[in-house]
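Shown next, in structure tokens, is the structure this report addresses.
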Amino acid sequence: FFGSVNAQEKLTFEQALALTLENNYDILMAQVSEEIAENSASRANNGFLPTVTASGGYNWTRFGGEFETRAETRSLDPNNSYNYNAAAAVNYTLFDGQGRKFRYLQAQGNHQLSELQLQITIQNTVIELSSIYYEVARLEENVVAFQKAVGISKERLKRAEYAYEFGQSKQLDVLNAQVDLNADSIAFVTGIQQLENLKRNLNFIMGQPIDQALQVDNTIEANQLFVETEVLAAAEQNNLQLSLAKSSMELSEYAIGVSKSTWLPTIGASAGYNYRGTEDPNGAFVLGSQNFGPQAGLTLSWNLFNGQNSTQLKNAKLGLKSSQIEQLSLEQNIKSQAINAFATNRNLLFVLRSQRDNVATAQDNFKRSEESYKLGQISSVEFRQAQLNLLNAKQALSKAKYDAKNAELQVLAVMGALVK
């Protein structure tokens, strides 16, 4: 396992982020939705351009028979007759109570919403990526620590067996050493399995083959200091969830404008050119004709009463009221999130510094205990305790380091500074 891992080039977080932004499935789907909303927000799609139509027709008839007048009755030989027409027209709505304007603003607002939703998807994905990436890094460090613990326990077991053979220790020391070696081996194997499972999750979020081998870079810096007032101000101004709520409230206002437009008249204009022609050899007086020329007109329609219009307007106003309440609630929620994220980051930085001191102390204690154990000055149980103290301190430091980094990203997210 370690032979293959150590031979790989380490994947940095920046590289993992680039792969995720390019290949993550949720981000790709959100980008498609954003493109659809952009296409729908064009002026052409919202009635600002005229409609141009063209039509044409051609009819052929063959008939014979007779026609009768007061003066004579005449038989008709079978002949062909033709009717043909062509027309081109331009239609444009001059005024529709500003409904077209507000529908266009709604489409623009929906596009803005889709852009914000894309940014939120990216932000959430980056947070998820960091959580998985740094957990992989933590487990890699743990596995290395477990491997070293197995090596130390093997050496301890050998010393206990030699001491027992020469009568310098009891069999109980050998049994204790064997039990500890088994425990370290189980932790080592379990750690490898957890690490491999999480690496598959990391590959998935990056849009890579899930069985692709990788090793992450565990050299990170988690020491960014924030000012609480700056965090709160940035959250109020730039938080993506708040921006999304503001855009939703604007859409509710546009919906009121659309509803009001149904109470006003609609005026349209049209212009075109028509051509019609006939040929009829059996005609009594006219054997054919052609008509052509331009045409233009204005139309006005006014829905003087419709019970649905009043209901739609009331519901639109209620929708705006609901959006305003949601906005107020979200503002307080985001403020709470910002304060909590700031406090968590500050506390975890303190924990990180403390854990670094603990590791240094545990490392010094282990070295002294190891020397004393080799000289027979302390028991194997005391040596084992020093070993466990060092192992636990290293694991706590690893967890504190990556927790602090994730907390830093959470502060940036609530400030709206994670996705730019």
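The values are calculated or read from the model by the stated rules, or taken from the named source; none is laboratory data. Being a predicted model, the structure only gives us computed values, none of them experimental. Accessible surface areas use protein heavy atoms only, side chains included; no ligands, DNA or RNA. Shrake-Rupley method; radii C 1.70, N 1.55, O 1.52, S 1.80 Å.
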Probe 1.4 Å, all chains present, heavy atoms only: R43 accessible area in Å², nearest 10, is 120 Å²
Mean separation of Cα contacts under 8 Å (at least 6 apart) over the residue count of the chain, i.e. the relative contact order in percent, is 23 percent
Filtered hits (lysines, Cα-Cα < 30 Å from K420, offset >= 8 within chain) -> K10, K199, K246, K335, K399, K401, K405
Counting all Cα-Cα pairs in the chain, those more than 40 Å apart amount in percent to 54 percent
Per the helix-only model, the chain has a calculated mean residue ellipticity at 222 nm (DSSP H runs of ≥4, -39500 (n - 2.57) each, divided over all residues, rounded to the nearest 500) of -23000 deg cm²/dmol
Rounded to the nearest 10 Å², the 1.4 Å probe accessible area of K158 is 110 Å²
In degrees rounded to 10, the 0-90 angle between helix 228-238 Cα long axis and the longest Cα principal axis of the chain is 20 degrees
Filtered hits (lysines, Cα-Cα < 17 Å from K158, offset >= 8 within chain) -> K148, K170, K374
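What whole-number value in Å² describes the accessible area per residue of the chain for a 1.4 Å probe? Mind dumping the intermediate values first?
On the way: 24710 Å² over 420 residues.
Accessible area per residue, the chain: 59 Å².
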If one compares the long axis through the Cα atoms of helix 25-40 with the longest principal axis of the Cα atoms of the chain, the angle in degrees, nearest 10, works out at 20 degrees
On the accessible surface of the chain, probed at 1.4 Å with all protein chains in place, carbon and sulfur together account for a percent value of 53 percent
For F48 the rounded accessible area (nearest 10 Å², probe 1.4 Å, non-protein molecules ignored) is 50 Å²
